[in-house]
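The values are calculated or read from the model by the stated rules, or taken from the named source; none is laboratory data. Given the structure is predicted, the values throughout are model-derived calculations rather than measurements. Using ideal geometry, Cβ is built from the backbone for each residue, glycine included, and neighbour counts are taken over all protein chains shown.
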Amino acid sequence: MSSQNFSSVRHEVVRWSIDTGTSFEDFRDRYEAAVPALDLDRMAQLRAGHASWDTVLAAAAENAPHGFMRFWGTDVGELMQLAGNPGACVTYLMGNHTIAERMYRHDPAVMLYAPLRTTIHRDRHGVTRFSVDQPSTRFASFDVPEIASVGRELDRKVADLLRVLDVPAALPTSD
């Protein structure tokens, strides 16, 4: 294979795993309320009406009152219980397409990590945790200052979301 058609980027990723201080069901419900599902009907209307980007930005801000919306989610725990595993786990893709666009314009490959993949799960000690890879450690791997800057912004937005959810976490962010 020639170096012209293949590249390999080694990068370190930091996983944040935060004790939510509450039950699985309570945190899941509060998370889903704070991070609403993407309003697909509204996005389809905007596409069909050839809405301006300013209109799309306003619609996204309305859909994501705390900066993020859910693009997808599934209850993995229910599936794993079929194999006899007792754990609880839901996983989501959480993001904001208007934020992702600010990176996408520099390199569409950022969509490997946008939206952010998150989990709410009970660990082996029964503690309900929220886990996500620290965004800045994912997006820094593209070696584009504008992308890295948005990654650091996303670090702050995740920390802000946890404050909204009353999770006392002092997350180390890169600034």
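Numbers below:
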quantity: Residues of segment 59-79 that turn out to be in contact with a strand residue (DSSP E or B) (Cβ under 7 Å, 6 or more places away or on another chain) and either over 17 Å from V158 (Cα atoms) or among the aliphatic types (A, V, I, L, M) (or both), as a count; calculated: 7
quantity: Members of segment 47-65 found to be surrounded by fewer than 17 Cβ atoms within 10 Å (Cβ to Cβ) and not acidic (D, E), listed by number; calculated: R47, A48, G49, H50, A51, S52, W53, T55, L57, A58, A61, P65
quantity: Condition check for R70: of a type in the set (K, R) and either closer than 28 Å to T137 by Cα or over 22 Å from the mean Cα position of the chain (by Cα) (or both); calculated: yes
quantity: Unique match (being at pLDDT 95 or above and over 16 Å from I18 (Cα atoms)) among V132, V144, V90; calculated: V144
quantity: Selected residue (criterion: modelled with the lowest pLDDT) from residues of segment 1-49 that are of a type in the set (A, V, I, L, M) and assigned to a loop (DSSP other than H, G, I, E, B); calculated: M1
quantity: Where M94 falls short, out of the listed (1) touching a Phe, Trp or Tyr at 6+ places or on another chain (Cβ under 7 Å); (2) in a loop (DSSP other than H, G, I, E, B); calculated: (2)
quantity: Candidates V158, V90, V164 - the one that is surrounded by fewer than 18 Cβ atoms within 10 Å (Cβ to Cβ), under 18 Å from A33 (Cβ atoms) and of a type in the set (A, V, I, L, M, F, W, C); calculated: V164
quantity: Failed criterion for M103 (all others in (1) among the hydrophobic types (A, V, I, L, M, F, W, C); (2) under 29 Å from P168 (Cα atoms); (3) within 16 Å of the chain's Cα centre (by Cα) hold); calculated: (2)
quantity: Qualifying positions in segment 138-158 - under 12 Å from A109 (Cα atoms) and under 13 Å from the mean Cα position of the chain (by Cα); calculated: R138, F139
quantity: Within segment 124-142, considering residues that are touching a residue at least 60 places away in the same chain (Cβ under 8 Å) and charged (D, E, K, R), the one surrounded by the most Cβ atoms within 10 Å (Cβ to Cβ); calculated: R138
quantity: Scope segment 78-121; condition among the basic types (K, R) and more than 21 Å from N63 (Cα to Cα); matching residues; calculated: R105
quantity: Selection within segment 28-46 - surrounded by 12 or more Cβ atoms within 10 Å (Cβ to Cβ), under 15 Å from P115 (Cβ atoms), free of Cβ contacts under 8 Å to residues at least 60 places away in the same chain and among the hydrophobic types (A, V, I, L, M, F, W, C); calculated: A37, L38, M43
quantity: All positions within segment 54-75 that are in a helix (DSSP H, G or I) and either touching a residue at least 40 places away in the same chain (Cβ under 8 Å) or among the hydroxyl-bearing types (S, T, Y) (or both); calculated: T55, V56, L57
